[in-house]
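One structure is given here, and the rest of the page talks about it.
Read-outs throughout are calculated quantities, based only on the coordinates presented, and are distinct from any laboratory measurement. Worth saying up front: this structure is predicted, and the values here are computed from it rather than measured. We place every Cβ from the backbone using ideal geometry, glycine too, and count neighbours over all the protein chains shown.
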Amino acid sequence: MKLKQGCKDEYQKRHAEIWPELKALLRENGITDYTIFLDEETDFLFAVQQQSGASSQDLGNHEIVKRWWAYMAELMETNEDLSPKSSPLQLLFHLP
């Protein structure tokens, strides 16, 4: 995903105040650990999730997710439906 320039502090603030109903939806769908990293040179965001079900990107049909996307749209590059533009990363190495 890509953060718009100058939006880091607001992005971090909004995630620090994540809506309880969104957090519950993620947990109900098997997402137990969700971490987002920022590459400050490029403003790219990298999300890592521990999941036993769907990924957060698969939950876009839920109203709370649509509202979150709309809430975050001014801070990130988005698709027409306001979902964050994202692309999967290829796993090259993992040390369990």
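Order these by the 10 Å Cβ neighbour count, fewest first: Leu95, Leu45, Leu26.
On the way: Leu95 3, Leu45 18, Leu26 22.
The fewest-first ordering by Cβ neighbours comes to Leu95, Leu45, Leu26.
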Just in the chain: which trypsin sites (Lys or Arg not before Pro) are loop by DSSP and have at most 15 other Cβ atoms within 10 Å?
-> Lys4, Lys85
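Using unit Cβ charges (K, R positive; D, E negative) and no other charged atoms, how large, in debye to the nearest 20, is the dipole of region 8-75 about its Cα centre? Before the final figure, lay out each step's value.
Working: 7 positive and 13 negative charges, 65 e Å.
Once rounded to the nearest 20, the dipole reads 300 debye.
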Tell me the GluC sites (Glu not before Pro) within the chain that lie in a loop according to DSSP and have at most 15 other beta-carbon atoms within 10 Å.
-> Glu17, Glu40, Glu41, Glu77, Glu80
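Enumerate by residue number the chymotrypsin sites (Phe, Trp or Tyr not before Pro) in region 59-96 meeting two conditions: DSSP loop (anything except H, G, I, E, B), and at most 14 other Cβ atoms within 10 Å of the site's Cβ.
On the way: sites: Trp68, Trp69, Tyr71, Phe93; in loops: Phe93.
The qualifying sites are Phe93.
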